[in-house]
Amino acid sequence: MSLLEEKIKGLPLNPGVYIMRDKNGDVIYVGKAVVLKNRVSQYFQSSKKHPKVQAMVDNVADFDYIITLSEKDALSLENNLIKKYKPKYNILLKDDKTSPFIKIDMREEFPTVEVTRKVKKDGARYFGPYMNGIYVWDIVAVIRSAYGMRTCPKKLKKGGRECLNYHIGLCSAPCTGRISKEEYARIVHSVTEFLMGRDDTATALIEEKMNKAAENEQFEQAIFYRDKLNMLSLLKERNLGDLSGVVSLDAFAHASNGEYGCVSVCLVRGGKMMGVRNFVIPDVSLSERDAIEGFMRQYYLSSNVDLPPQICVPFDSGGEESDTLEQYLSSVKGCKTEIVTAKIGIKRKLIDTALENAEDYLVKSSEKVKREKDMTSGAAARLAEILGLKSARRMECYDISNISGVDKVASMVVFIDGKSQPSEYRRFKIKTVEGANDFMSMNEVIRRRFARAGESDSKFDSLPDLVVIDGGKGQLSAAYAAAMSEGYDVPMVGLAKREEEIFTVFDDEPIVLGKASYPLRLLQRIRDEAHRFAITYHRNLRSKRYRSRLEDIPNIGDKRRAVLLKRYKNLDNMKMASEEELASLDGMDARAAANVYKFLHGGEKDE
């Protein structure tokens with residue numbers, strides 16, 4: 001009996017999560033099970049399987065499992081492990097775009113309407129997503145025209161005159177006190193109700209402004225409002241009037257072309273169809289139900305996705321597994337939802353809309369998906385072949401940054417399957433090297449990185465398939481010696497910038513690839529990313545050092561320090577400025593300028 005057969009025989013009948021590993025120990029699949037023994041056993045039975053499932057099973061050399069108290073706990077753990085390991089055979093969400101949202105920060109005294117593509121947990125209210133930039137700006141144009149809510153930058157400047165927006169009726173000018181806080185709060189309430197589909201006063205408000213402009217013979221202004229009315233009419237065409245009281249829901253559909261799958265979600269918010277989002281999934285072996293439910297587990301845990309009161313699916317939503325998913329999503333997002341089957345009526349039409357989008361997206365995006373695969377996971381696999389490695393799936397790249405040996409730092413960036421993984425990035429301050437010695441600095445960093453791995457540090461426990469060093473043979477030799485000193489014989493290459501030659505540890509002759517080859521481009525991307533990350537860290541440290549020195553100057557507080565650093569960047573540039581120039585800066589005065597000048601010049605004055 002093989003090791004796998006013994007482990008399968010000993011599996012418990014509890015719910016839990018199973019973790020499949022290949023011969024290198026890398027995690028290639030994470031799954032959850034109501035009954036661990038039943039679920040895992042299915043993979044290794046002799047029944048016919050989809051080629052992709054069989055390919056995964058053929059690569060399984062071992063597996064681990066974790067028992068959980070409930071299936072709900074298994075869902076949560078599965079999601080966390082997928083995020084951590086990014087397994088090759090799991091569904092990893094890839095959105096077709098980053099959709100815009102409308103943001104209103106209710107904590108401000110006079111909130112503004114903003115358009116953003118990043119949703120943060122910052123206490124503001126977000127409405128959307130809107131499926132393209134033109135549509136979201138149409139919404140903003142209606143808000144300005146109907147309600148006069150401001151769209152200018154957050155900070156209000158006291159005093160001054162009203163801007164053009166006020167004079168043409170697109171802003172209520174809270175910056176100059178033209179409206180009270182209470183009146184403005186009522187406007188904000190109306191706007192939020194409008195965005196949620198619960199307020200339909202915008203048409204009447206814009207019509208009133210249009211008629212008034214026409215009466216005053218302001219015909220250009222009247223035409224402007226007429227255009228906004230037409231725009232509002234088009235927006236209203238997206239309203240779904242026969243939803244039987246359900247005005248916020250998501251409708252899901254799944255399609256496959258035999259090579260890739262696509263899950264699409266049709267969003268309805270406030271009785272308005274907001275559009276469809278399309279996501280490519282790599283596993284075409286999954287059933288419709290498994291693909292959609294597996295997708296939803298990741299999709300709704302994203303910070304920029306809200307959970308609607310109802311989720312419509314094209315399959316039978318009954319059963320213990322669906323109930324568990326429903327409870328899990330409700331508990332994680334803090335609001336209740338219901339997963340329902342849609343077979344007829346408007347909800348079925350929404351699912352059909354999502355399905356049409358999924359099928360169309362697969363046709364339109366197949367070349368794009370193939371090209372991206374060639375540039376990422378395909379490039380990593382080809383690079384492994386060129387270097388004679390088993391794998392180059394996890395790549396780490398290191399770079400050193402300093403100026404004349406000051407503020408020496410190093411970066412470690414990680415690419416998995418050819419894609420950057422910022423959560424895996426690490427940075428180092430050089431501790432033992434004097435002066436600008438890049439070879440010894442690289443030696444220190446690599447030694448520390450693998451020493452942490454030897455100590456089972458969770459931040460460094462994932463070992464690379466390939467280490468890339470920014471530099472030639474010298475830096476590469478120093479790095480390899482450091483890894484070996486810690487007991488790690490890790491494949492390494494150095495990428496020299498001038499000719500983009502690839503140096504290996506045991507060969508003096510470099511490998512030269514075509515400038516357009518995907519493996520070389522992958523190496524260049526990870527090298528450039530390591531350089532960017534190191535430079536950013538170095539600048540941050542340098543800025544903090546300059547800022548701390550400026551703290552010793554009398555009458556120079558945070559605002560004046562910020563002004564000085566923004567203008568001069570560093571103390572050397574600042575020292576070249578005259579006392580008069582310093583005094584002319586915004587927020588500075590003669591006394592503060594004299595203090596800065598005296599501090600920088602040690603009390604000496606220019607003759």
Flagged in the range 105-140 as buried (at least 17 other Cβ atoms within 10 Å of the Cβ), at pLDDT 75 or above and either small (Gly, Ala, Ser) or farther than 22 Å from residue 193 by Cβ (or both), in numbering order, are 124
(1) modelled with pLDDT of 80 or more; (2) surrounded by fewer than 16 Cβ atoms within 10 Å (Cβ to Cβ); (3) not charged (D, E, K, R) all hold for residue 93 apart from (1)
Just one listed residue, out of 73, 64, is in a strand (DSSP E or B), out of contact with any Phe, Trp or Tyr (no Cβ under 6 Å at 6 or more places or on another chain) and open to solvent by 20 Å² or more (accessible area, probe 1.4 Å), and it is 64
Checked pairs for the range 566-593, first part of a helix (DSSP H, G or I), second of a type outside the set (A, V, I, L, M) and exposed (fewer than 12 other Cβ atoms within 10 Å of the Cβ), C-beta under 8 Å and 6 or more apart or across chains, list as 593/580
If we keep only residues of the range 486-514 that are surrounded by 10 or more Cβ atoms within 10 Å (Cβ to Cβ) and among the small types (Gly, Ala, Ser), then the residue nearest to residue 447 (Cα to Cα) is 487
The one condition residue 503 fails out of (1) more than 17 Å from residue 418 (Cβ to Cβ); (2) touching a Lys or Arg at 6+ places or on another chain (Cβ under 9 Å); (3) assigned to a helix (DSSP H, G or I) is (3)
Reported set for the range 317-355 where residues are farther than 20 Å from residue 264 by Cβ and touching a helix residue (DSSP H, G or I) at 6+ places or on another chain (Cβ under 8 Å) is 320, 321, 324, 327, 328, 331, 332, 336, 338
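Which helices (runs of 4 or more DSSP H) sit wholly inside the range 311-397 and have at least 1 residues that are closer than 30 Å to residue 470 by Cβ and touching a residue at least 24 places away in the same chain (Cβ under 8 Å)? Spell out how you get there, then give the answer.
Details: elements: 320-333, 345-375, 377-387.
Hits in the range 311-397: 345-375, 377-387.
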Next on the checklist: Among the residues in the range 515-522, are any closer than 24 Å to residue 426 by Cβ, assigned to a strand (DSSP E or B), touching a strand residue (DSSP E or B) at 6+ places or on another chain (Cβ under 8 Å) and at pLDDT 90 or above?
Outcome noted: no
Of the conditions (1) among the hydrophobic types (A, V, I, L, M, F, W, C); (2) open to solvent by 30 Å² or more (accessible area, probe 1.4 Å); (3) in contact with a Pro (Cβ under 8 Å, 6 or more places away or on another chain), the single one that residue 3 does not satisfy is (3)
Expected single match for touching an Asp or Glu at 6+ places or on another chain (Cβ under 7 Å) and either closer than 19 Å to residue 286 by Cβ or among the basic types (Lys, Arg) (or both) among 82, 28 is 28
Within the range 464-490, residues without any contact (Cβ under 8 Å) to a residue 12 or more places away in the chain and farther than 25 Å from residue 418 by Cα come out as 484
Expected output for the range 51-63 (first residue in contact (Cβ under 8 Å) with a residue 24 or more places away in the chain and of a type outside the set (S, T, N, Q), partner part of a strand (DSSP E or B) and open to solvent by 30 Å² or more (accessible area, probe 1.4 Å), Cβ below 8 Å, 6+ apart or cross-chain) is 56/29; 60/21; 60/29; 61/21; 62/21; 63/21
Considering residues that are in contact with a helix residue (DSSP H, G or I) (Cβ under 9 Å, 6 or more places away or on another chain) and closer than 17 Å to residue 493 by Cβ, the number found within the range 451-468 is 5
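The values are calculated or read from the model by the stated rules, or taken from the named source; none is laboratory data. Since the model is a prediction, treat every value here as computed from it, not as a measurement. All Cβ positions, even for glycine, are placed from backbone atoms using ideal geometry, and neighbour counts span all protein chains on display. When the accessible area is computed, the model is the full protein with side chains, heavy atoms only, and any ligands, DNA or RNA have been set aside. Shrake-Rupley method; radii C 1.70, N 1.55, O 1.52, S 1.80 Å.
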